[in-house]
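**Student:** Dropping the structure in here first, questions after.
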Amino acid sequence: MSVNPFDIRTVILAKHAQHVVLIHFPIALFTAAAHFNLLLAAVSTVPVVATGLAAWRWALEGQKLKGILLMHLVLGCLSSVLIWFVFWIHLRARRHVEESLPKYRLPIEAVAVLLVGLTGHLGGFLSGVNGPG
(Lines give C-alpha, C1' and ligand atoms only; values in the text may rest on other atoms or scores of the structure.)
Protein backbone atom coordinates (compact mmCIF):
# COMPACT_ATOMS: atom_id res chain seq x y z
CA MET A 1 0.00 0.00 0.00
CA SER A 2 1.42 3.41 -0.95
CA VAL A 3 1.50 6.37 1.38
CA ASN A 4 -0.35 9.53 0.39
CA PRO A 5 2.15 12.43 0.68
CA PHE A 6 -0.74 14.90 1.13
CA ASP A 7 -2.33 13.06 4.05
CA ILE A 8 -1.78 15.17 7.19
CA ARG A 9 -1.30 12.02 9.27
CA THR A 10 1.59 11.01 7.01
CA VAL A 11 3.26 14.38 7.56
CA ILE A 12 2.70 14.65 11.31
CA LEU A 13 3.01 11.02 12.36
CA ALA A 14 5.87 9.90 10.13
CA LYS A 15 8.46 8.33 12.40
CA HIS A 16 11.20 10.86 11.70
CA ALA A 17 9.64 13.51 9.42
CA GLN A 18 9.82 16.42 11.85
CA HIS A 19 13.55 15.99 12.48
CA VAL A 20 14.31 15.87 8.76
CA VAL A 21 12.39 19.12 8.20
CA LEU A 22 13.63 21.01 11.28
CA ILE A 23 17.33 20.19 10.95
CA HIS A 24 17.84 22.67 8.12
CA PHE A 25 17.07 25.71 10.29
CA PRO A 26 20.05 25.60 12.66
CA ILE A 27 22.40 24.65 9.82
CA ALA A 28 21.37 27.53 7.53
CA LEU A 29 20.99 30.11 10.28
CA PHE A 30 24.26 29.23 12.02
CA THR A 31 26.42 29.38 8.90
CA ALA A 32 24.93 32.79 7.97
CA ALA A 33 26.28 34.16 11.29
CA ALA A 34 24.29 37.36 11.82
CA HIS A 35 23.21 38.10 15.40
CA PHE A 36 19.56 37.18 15.06
CA ASN A 37 20.45 34.23 12.85
CA LEU A 38 22.69 32.93 15.63
CA LEU A 39 19.85 33.38 18.11
CA LEU A 40 17.40 31.52 15.88
CA ALA A 41 19.99 28.82 15.13
CA ALA A 42 20.56 28.26 18.85
CA VAL A 43 16.86 28.23 19.70
CA SER A 44 16.03 25.89 16.82
CA THR A 45 18.56 23.32 18.04
CA VAL A 46 16.18 22.53 20.92
CA PRO A 47 13.39 21.03 18.78
CA VAL A 48 15.97 19.50 16.43
CA VAL A 49 17.62 17.57 19.25
CA ALA A 50 14.21 16.68 20.70
CA THR A 51 12.89 15.34 17.39
CA GLY A 52 16.15 13.49 16.76
CA LEU A 53 15.79 11.74 20.11
CA ALA A 54 12.12 11.05 19.33
CA ALA A 55 13.09 9.55 15.95
CA TRP A 56 15.57 7.28 17.69
CA ARG A 57 12.95 6.18 20.23
CA TRP A 58 10.12 5.68 17.72
CA ALA A 59 11.58 4.94 14.30
CA LEU A 60 14.45 2.88 15.62
CA GLU A 61 12.50 1.57 18.61
CA GLY A 62 15.16 2.78 21.03
CA GLN A 63 17.73 0.32 19.76
CA LYS A 64 21.15 0.48 21.36
CA LEU A 65 23.19 3.44 20.24
CA LYS A 66 26.25 2.31 18.29
CA GLY A 67 28.14 3.10 15.12
CA ILE A 68 26.80 5.90 12.93
CA LEU A 69 23.73 6.40 15.12
CA LEU A 70 25.88 7.00 18.21
CA MET A 71 28.26 9.30 16.34
CA HIS A 72 25.32 11.26 14.90
CA LEU A 73 23.77 11.71 18.35
CA VAL A 74 27.03 12.74 20.02
CA LEU A 75 28.04 15.13 17.23
CA GLY A 76 24.51 16.55 17.10
CA CYS A 77 24.57 17.32 20.81
CA LEU A 78 28.07 18.81 20.56
CA SER A 79 26.96 20.90 17.58
CA SER A 80 24.02 22.21 19.59
CA VAL A 81 26.26 23.13 22.52
CA LEU A 82 28.75 24.89 20.24
CA ILE A 83 26.01 26.81 18.43
CA TRP A 84 24.73 28.04 21.81
CA PHE A 85 28.32 28.89 22.85
CA VAL A 86 28.96 30.88 19.66
CA PHE A 87 25.69 32.75 20.18
CA TRP A 88 26.73 33.53 23.77
CA ILE A 89 30.12 34.86 22.59
CA HIS A 90 28.41 37.17 20.10
CA LEU A 91 25.76 38.24 22.62
CA ARG A 92 28.41 39.05 25.20
CA ALA A 93 30.40 41.14 22.72
CA ARG A 94 27.23 42.93 21.60
CA ARG A 95 26.35 43.87 25.20
CA HIS A 96 29.85 45.25 25.77
CA VAL A 97 29.89 47.60 22.80
CA GLU A 98 33.40 48.87 23.52
CA GLU A 99 34.76 45.34 23.08
CA SER A 100 35.18 43.72 19.71
CA LEU A 101 34.47 40.08 19.07
CA PRO A 102 37.23 37.95 20.59
CA LYS A 103 39.68 36.29 18.20
CA TYR A 104 39.25 32.89 19.90
CA ARG A 105 35.75 32.69 18.47
CA LEU A 106 37.03 31.93 14.97
CA PRO A 107 38.40 28.43 15.70
CA ILE A 108 35.31 27.68 17.79
CA GLU A 109 33.04 28.75 14.94
CA ALA A 110 35.12 26.73 12.45
CA VAL A 111 34.89 23.60 14.61
CA ALA A 112 31.16 24.16 15.04
CA VAL A 113 30.61 24.44 11.28
CA LEU A 114 32.66 21.28 10.70
CA LEU A 115 30.71 19.39 13.38
CA VAL A 116 27.38 20.54 11.95
CA GLY A 117 28.48 19.38 8.48
CA LEU A 118 29.72 16.03 9.74
CA THR A 119 26.58 15.52 11.78
CA GLY A 120 24.45 16.21 8.71
CA HIS A 121 26.57 13.85 6.62
CA LEU A 122 26.05 11.04 9.12
CA GLY A 123 22.35 11.90 9.31
CA GLY A 124 22.18 11.41 5.56
CA PHE A 125 23.39 7.84 6.01
CA LEU A 126 20.84 7.23 8.75
CA SER A 127 17.99 8.55 6.62
CA GLY A 128 19.11 6.62 3.55
CA VAL A 129 19.93 9.71 1.49
CA ASN A 130 23.67 8.97 1.46
CA GLY A 131 23.23 5.22 1.07
CA PRO A 132 24.81 3.02 -1.59
CA GLY A 133 23.58 3.28 -5.16
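The values are calculated or read from the model by the stated rules, or taken from the named source; none is laboratory data. Quick caveat: nothing in here was measured; it's all calculated off a predicted structure. Glycine gets a Cβ as well: all are built from the backbone with ideal geometry, and neighbour counts include every protein chain shown. Accessible surface is based on the protein model in full, side chains and every heavy atom, while ligands, DNA and RNA are left aside. Shrake-Rupley method; radii C 1.70, N 1.55, O 1.52, S 1.80 Å.
**Student:** Restricting attention to segment 81-133, and to residues there that are assigned to a loop (DSSP other than H, G, I, E, B) and closer than 30 Å to Val21 by Cβ, which single residue is modelled with the lowest pLDDT? Spell out the reasoning first.
**Tutor:** Taking segment 81-133 and keeping what is assigned to a loop (DSSP other than H, G, I, E, B), we get 96-104, 128-133.
This time we only want the ones that are closer than 30 Å to Val21 by Cβ, so: 128-133.
Values: Gly128: 72, Val129: 69, Asn130: 63, Gly131: 63, Pro132: 62, Gly133: 52.
Taking the candidates together, the pick is Gly133.
**Student:** Quick check on this structure: which one of Leu69, Leu73, Leu65 is modelled with pLDDT of 80 or more, aliphatic (A, V, I, L, M) and outside any helix (DSSP H, G or I)?
**Tutor:** Leu65
**Student:** Also, I was wondering about something else. Any idea which of (1) open to solvent by less than 40 Å² (accessible area, probe 1.4 Å); (2) farther than 16 Å from Leu22 by Cβ; (3) part of a helix (DSSP H, G or I) is the one Val48 doesn't satisfy?
**Tutor:** Going through the list (1) open to solvent by less than 40 Å² (accessible area, probe 1.4 Å); (2) farther than 16 Å from Leu22 by Cβ; (3) part of a helix (DSSP H, G or I), Val48 breaks only (2).
**Student:** Report, by residue number, each residue of segment 73-90 that is in contact (Cβ under 8 Å) with a residue 24 or more places away in the chain and farther than 14 Å from Thr45 by Cβ.
**Tutor:** His90
**Student:** Follow-up. Restrict the check to segment 122-132 and report whether at least one residue is of a type in the set (Gly, Ala, Ser), closer than 23 Å to His24 by Cβ and touching a residue at least 12 places away in the same chain (Cβ under 8 Å).
**Tutor:** The initial filter retains those residues of segment 122-132 that are of a type in the set (Gly, Ala, Ser), namely 123-124, 127-128, 131.
Filter once more, so that each one left must be closer than 23 Å to His24 by Cβ: 123-124, 127-128, 131.
Narrowing the set further to residues that are touching a residue at least 12 places away in the same chain (Cβ under 8 Å) leaves 123, 127.
For segment 122-132, residues of a type in the set (Gly, Ala, Ser), closer than 23 Å to His24 by Cβ and touching a residue at least 12 places away in the same chain (Cβ under 8 Å): present.
**Student:** Just checking, how many residues over segment 33-45 are free of Cβ contacts under 8 Å to residues at least 40 places away in the same chain and either open to solvent by 60 Å² or more (accessible area, probe 1.4 Å) or of a type outside the set (A, V, I, L, M, F, W, C) (or both)?
**Tutor:** Initial filter on segment 33-45 (free of Cβ contacts under 8 Å to residues at least 40 places away in the same chain): 34, 36-37, 40, 43-45.
Those still in the list that are either open to solvent by 60 Å² or more (accessible area, probe 1.4 Å) or of a type outside the set (A, V, I, L, M, F, W, C) (or both) too: 36-37, 40, 43-45.
Qualifying residue count, segment 33-45: 6.
**Student:** Which of the residues belonging to segment 84-128 are polar (S, T, N, Q) and exposed (fewer than 14 other Cβ atoms within 10 Å of the Cβ)? Quick ask: steps written out before the conclusion?
**Tutor:** First, pick out the residues of segment 84-128 that are polar (S, T, N, Q): 100, 119, 127.
Once the filter is applied, which keeps residues that are polar (S, T, N, Q) and exposed (fewer than 14 other Cβ atoms within 10 Å of the Cβ), segment 84-128 yields only Ser100.
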